[in-house]
Amino acid sequence: MTLLLHESVRPSFKKAVNECNSLRLICGKIVNHPRVQTLIILLIIINAIMMGVATFDFVDDNPKVSQAFEMTDLVFLVIFTVELAMQLVYHGYKLFLDGWLFFDFVIVVLSWSLSQLQIIRAFRIFRALRLITRVKVMKNLITALFDIMPRLGAVTALLALIFYIYAV
């Protein structure tokens, strides 16, 4: 009897797995498409510019303008959240193993978490750092900087030793 139950459940389970897998692949195709990635880069740049403009007094002085900026910021955050959710559907738990995607995840989650705190609202500008994860040249530059950090420490120690020698 258990064997019959197992065989009757099996086709529906395979169908569910196939549907989930096809949804995962569709999300991956959409979110990793070059045009979508270009759009996300453009949105990050526009969002960073708007956050810079929002620091001017004319935004704080006019409640309607301030509200428009807040609403626009919320729209950007929702778009970034949808993009991250699609990445999560596509990559699954492996999203947390990729340092760059995990960085995106932390930025978006902290943006939602800290959105109500007035003092920490300046943190929103860190969303602009997501450009590093999107632009290959920037990503390579940051990776290279982290790769040479141990050697930079040795060079710094050598310079400190030379300065000490000449100071004494």
Yes or no: the range 22-41 includes at least one residue that is farther than 26 Å from Arg134 by Cα and either modelled with pLDDT of 90 or more or open to solvent by less than 100 Å² (accessible area, probe 1.4 Å) (or both). no
Ala54 is checked against (1) more than 22 Å from Lys136 (Cβ to Cβ); (2) in contact (Cβ under 8 Å) with a residue 24 or more places away in the chain; (3) of a type in the set (A, V, I, L, M, F, W, C) and fails just one. What number does that condition carry? (2)
Which residues, taken from the range 66-82, are more than 16 Å from Ile46 (Cα to Cα) and open to solvent by less than 40 Å² (accessible area, probe 1.4 Å)? Ser66
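Please enumerate the residues belonging to the range 61-72 that are of a type outside the set (Phe, Trp, Tyr) and either touching a residue at least 60 places away in the same chain (Cβ under 8 Å) or closer than 17 Å to Ser115 by Cβ (or both).
Scanning the range 61-72 gives Ser66, Gln67, Ala68, Glu70, Met71, Thr72.
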Within the range 51-64, can you find the residues that are exposed (fewer than 15 other Cβ atoms within 10 Å of the Cβ) and not aromatic (Phe, Trp, Tyr)? Gly52, Val53, Thr55, Asp57, Asp60, Asp61, Asn62, Pro63, Lys64
Name the residues in the range 42-75 that are in a helix (DSSP H, G or I), farther than 25 Å from Val135 by Cα and not aliphatic (A, V, I, L, M), would you? Asp57, Phe58, Asp60, Asp61, Pro63, Lys64, Ser66, Gln67, Phe69, Glu70
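The values are calculated or read from the model by the stated rules, or taken from the named source; none is laboratory data. Bear in mind the structure is a predicted one, so any value in this text is a computation, not a measurement. Quick reminder, even Gly has a Cβ in these numbers, built from the backbone with ideal geometry, and neighbours come from all protein chains shown. Accessible surface areas use protein heavy atoms only, side chains included; no ligands, DNA or RNA. Shrake-Rupley method; radii C 1.70, N 1.55, O 1.52, S 1.80 Å.
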